[in-house]
Every structure is written in C-alpha cells, then in structure tokens.
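The structure appears right after this line, and notes come after that.
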Amino acid sequence: MSQDAPYATPTTPPLQPPGSEAFLPYWIPGMPPPQVTRPPRVWPALTLGICIIPVGAIVAGVAFAVYLAAIGALAHYHPGEDMNPLVAKATTRPGGFLMLILPGQLTFLLAAVIAGALSPQPIAQRLGYVRPRVPIWSFPIFIFATPLFGIAGAVLMDAVFKKPNAELKLLSDMVSTSTGALAVLIAATISLLPPITEETLFRGYVQRRLLHRWGPIAAISISTVLFTAAHLDPGHMLGVLPIGVWLGVVAWQCGSIWPSMACHAALNFLFSVGSRFGDKSDKVHFDAATIVILALSGLAFAASVYVMRRYRARRYRAAAPPVG
C-alpha cells in the first residue's frame, strides 16, 4: 500500500454524514463531516401567524359573550343593535374588562409558546427572549423615538378616516372614566399585556424565522401586516401600521424582542396617560405639548439610527439555525 493510501477514495460505497440530505461524492469515516444546512422552514410561522388571528378573535368574542350572558347583560339586547354601549357598560367592572382583553391576547401568547417549544431551537432563542446586541443604555433611545411613529399612525388614520375610530374611542373612554383599582388595572393591562403577547408572536416567532429565510424587508413587511391585521378594525389597523414597521426594525436590528417589547409598552402607557389627562378630542392637534414630543422623539430617532448602525445586524443567512 502506498503512503497516500490513508487519503485515497475508499473502496466501500460512498457514505453520507448523519443529518445531511445533500448528495456528497464521498466522505471518509473519521474525518469531520462537511456542514450541510437546509434552509429553515417558514410555513409553520406563516401558517400560525395567519390562522391565529381569526382564532383569537373567535375565542375573544365567545368568551366575552359568555360573560355578558352570565351577568344578564344580553337580556335586553336585540341582534343588529350597536354593541358598543353594552360593551362600555360591561367593562366598568374588572371582570368585564379582563374578559374583553385576556382571552384573545392569551391565545396569541399560548400559540407562540407552544410553537416555540416544538422547535429544535431552545424556546427562548426561537421566540427572541435573548440578550440584545445593543447595550442596555440604548433602550431609552428607542423608547423615546417610538412616539414619533405613534403620532404618525394617528395622523394617517385621521387623514383617511373622517369619523372617529369607534374601537379606539371605546378603549380611551374605558381608561378616562375608570377610577380607583379599576383604573390601575386597565392602565397596567393595556401597557403590559399586548407588548408581551404580540411581540412574542409577531416579532418573535414569526419575524425571526422569516429573517433567516427571506431577509429583513420581507420579514418585517409580513410581520407588520399580520400585526396590523390582528387589530381587526380597519381604522385601528391603519393607525398601528407605522408602529408595526418600527417595532419590526427594532427587533431585527437589536436581535431580540426585549427592546421592541419595551417600545410597545411605552407607547401603550403613553396612550393610557393621554386618554386620561390629555386632550379629549378625537383628532390629533399639534399643540405645544405635541410639538415638544415630536421634537424630542425625532432627536431620539436620529440617535437610534446611529445606535443601529454602530451595532448593525449581521446577515442571518451566514449561519442558518435548525429547521423548525
């Protein structure tokens, strides 16, 4: 046998490294197998993101209807009547408010957690509960930049829809008219629950998978469309469109949903404060307070662009994760 024998092509049939689905001309046992990575699947994320929206709406509607029936609120209701007065009256109770908000939001969270647990990746990594690539001191910069997109959404909604948005007005009235423990419960729930559930589902489970396969433009666009569709009402959907894009960019550039969750929570808290202490008008007015907020938010946005460029995201496709 020649000295080159250890490096010769084996006479036995070609072998294939475990886990590889691509054809290899030959592979010598004992040598490190070449890394062959399949593109990650996107259909589970897309299917869940699309299907969970009507499922969440049905769960929320059925749960609230059961609650209304249990307290006798449906006794004098006739099909075809406007339900907003009935909903407004029912949500003056803590149980009514929680039954209006919790079932749909918890459906989103449960779906994302179950899907993430079934992934080959660790669930925290799959859902984006990981350490951001940006430093902690940059979080306030992203948070202060967020109202710029919230106001942009309100202006866009006012420009397209001449009538006040019934859903947002109902939510605003719940915040402004509640007192005592109910006021604290409503403000805390609005500020904390949707940021956790919606960011976990749309920016965590859906967007992070699409980033690995299709890149940031497609991933952020699709996750934003699903995020806006989850708000159901056309006016509300248009109003949250700019913030959906912003939260998608923040989650992508930071490599984690913690910063986008913080931005989402801050915006919802600002909505609660504005509904209770701000102008009760249904339209956006550029008064002194709004102009100051816009100026500070614009400066924060410029600073956030600098932070993103300094800690910019690497290409996901350089190292694709396990399939799932």
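The values are calculated or read from the model by the stated rules, or taken from the named source; none is laboratory data. Keep in mind that this is a model prediction, so the values were computed, not measured. Note: ideal-geometry Cβ built from the backbone for every residue, glycine included; neighbour counts use all protein chains shown.
Among Ala219, Ala251, which is buried (at least 24 other Cβ atoms within 10 Å of the Cβ), under 21 Å from Pro40 (Cα atoms), touching a Leu at 6+ places or on another chain (Cβ under 6 Å) and not β-branched (Val, Ile, Thr)?
Numbers: Ala251 fails: touching a Leu at 6+ places or on another chain (Cβ under 6 Å).
None of the other options fit; the residue is Ala219.
Let me spell it out: the conditions are (1) buried (at least 19 other Cβ atoms within 10 Å of the Cβ); (2) modelled with pLDDT of 90 or more, and Ser275 meets all of them except one. Which number is the exception?
Result: Ser275 fails condition (2) only.
Take the residues in segment 303-319 that are among the small types (Gly, Ala, Ser) and surrounded by 11 or more Cβ atoms within 10 Å (Cβ to Cβ); name whichever of them is modelled with the lowest pLDDT. Break it down into steps so the answer makes sense when it comes.
Keep residues of segment 303-319 that are among the small types (Gly, Ala, Ser), which gives 303-304, 313, 318-319.
Within this subset, residues satisfying the condition of being surrounded by 11 or more Cβ atoms within 10 Å (Cβ to Cβ) are 303-304, 313.
Details: Ala303: 96, Ser304: 96, Ala313: 66.
Filtering segment 303-319 for residues that are among the small types (Gly, Ala, Ser) and surrounded by 11 or more Cβ atoms within 10 Å (Cβ to Cβ), the one modelled with the lowest pLDDT comes out as Ala313.
Name every residue in segment 94-134 that is touching a residue at least 24 places away in the same chain (Cβ under 8 Å), assigned to a loop (DSSP other than H, G, I, E, B) and not aliphatic (A, V, I, L, M), in order of residue number.
Residues satisfying the conditions are Ser119, Pro120, Gln121, Gly128, Tyr129, Arg131, Pro132, Arg133.
Identify all residues within segment 240-250 that are under 18 Å from Leu193 (Cβ atoms) and assigned to a helix (DSSP H, G or I); write none if there are none. Break it down into steps so the answer makes sense when it comes.
Of the residues in segment 240-250, the ones under 18 Å from Leu193 (Cβ atoms) are 240, 243-244, 247.
Scanning segment 240-250 gives Ile243, Gly244, Leu247.
Give me the pairs, please: first residue somewhere in segment 295-324 and farther than 20 Å from Ile257 by Cβ, second residue anywhere and of a type in the set (Ser, Thr, Tyr) and modelled with pLDDT under 55, beta-carbon distance under 7 Å, and either six or more positions apart or on two chains.
Hits for this filter: zero, empty list.
Within segment 252-297, which residues are under 11 Å from Arg203 (Cβ atoms) and either out of contact with any Pro (no Cβ under 7 Å at 6 or more places or on another chain) or among the hydroxyl-bearing types (Ser, Thr, Tyr) (or both)? Lay out the reasoning, then the answer.
From segment 252-297, those under 11 Å from Arg203 (Cβ atoms) are 252, 254, 256-261, 263-264; that's our starting set.
Of everything in segment 252-297, those that are under 11 Å from Arg203 (Cβ atoms) and either out of contact with any Pro (no Cβ under 7 Å at 6 or more places or on another chain) or among the hydroxyl-bearing types (Ser, Thr, Tyr) (or both) turn out to be Ser256, Ile257, Ser260, Cys263.
Here's the yes/no breakdown for (1) among the basic types (Lys, Arg); (2) closer than 18 Å to Ile151 by Cβ; (3) crowded, with 20+ Cβ neighbours inside 10 Å; (4) touching a His at 6+ places or on another chain (Cβ under 7 Å):
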residue: Val225; (1), (2), (3), (4): no, no, no, no
residue: Asp233; (1), (2), (3), (4): no, no, no, no
residue: Ile243; (1), (2), (3), (4): no, yes, yes, no
residue: Ser256; (1), (2), (3), (4): no, no, yes, no
residue: His264; (1), (2), (3), (4): no, yes, yes, no
residue: Phe269; (1), (2), (3), (4): no, yes, no, no
residue: His285; (1), (2), (3), (4): no, yes, no, no
residue: Thr290; (1), (2), (3), (4): no, yes, no, no
residue: Leu296; (1), (2), (3), (4): no, yes, no, no
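Return the total of residues in segment 93-126 being of a type in the set (Val, Ile, Thr), exposed (fewer than 14 other Cβ atoms within 10 Å of the Cβ) and at pLDDT below 95. Reasoning before the result, please.
Taking segment 93-126 and keeping what is of a type in the set (Val, Ile, Thr), we get 101, 107, 113-114, 123.
With the extra rule that they be exposed (fewer than 14 other Cβ atoms within 10 Å of the Cβ), the set shrinks to 114.
With the extra rule that they be at pLDDT below 95, the set shrinks to none.
Here the count works out to 0.
Which residues, taken from segment 47-59, are among the hydrophobic types (A, V, I, L, M, F, W, C) and more than 15 Å from Val113 (Cα to Cα)? Spell out how you get there, then give the answer.
Keep residues of segment 47-59 that are among the hydrophobic types (A, V, I, L, M, F, W, C), which gives 48, 50-53, 55, 57-59.
Hits for segment 47-59 are Ile50, Cys51, Ile53, Val55, Ala57, Ile58, Val59.
State whether the residues of segment 206-214 include one that is crowded, with 20+ Cβ neighbours inside 10 Å and either within 19 Å of Thr146 (Cβ to Cβ) or among the small types (Gly, Ala, Ser) (or both).
Scanning segment 206-214 turns up at least one residue that is crowded, with 20+ Cβ neighbours inside 10 Å and either within 19 Å of Thr146 (Cβ to Cβ) or among the small types (Gly, Ala, Ser) (or both).
Considering segment 163-180 alone, what residues qualify as being surrounded by fewer than 19 Cβ atoms within 10 Å (Cβ to Cβ) and over 24 Å from the mean Cα position of the chain (by Cα)?
Across segment 163-180, the qualifying residues are Lys163, Pro164, Asp173, Ser176, Thr177, Thr179, Gly180.
Could you check segment 174-232 and list, in sequence order, the residues that are closer than 28 Å to Ile58 by Cβ, of a type in the set (Gly, Ala, Ser) and in a helix (DSSP H, G or I)? First the steps, then the outcome.
The first filter runs over segment 174-232 and keeps only residues closer than 28 Å to Ile58 by Cβ, leaving 174-175, 178, 182, 185-210, 219-232.
In the following step, the residues that additionally are of a type in the set (Gly, Ala, Ser) were identified as 178, 187-188, 191, 204, 219, 221, 223, 229-230.
Answer for segment 174-232, where residues must be closer than 28 Å to Ile58 by Cβ, of a type in the set (Gly, Ala, Ser) and in a helix (DSSP H, G or I): Ala187, Ala188, Ser191, Gly204, Ala219, Ser221, Ser223, Ala229.
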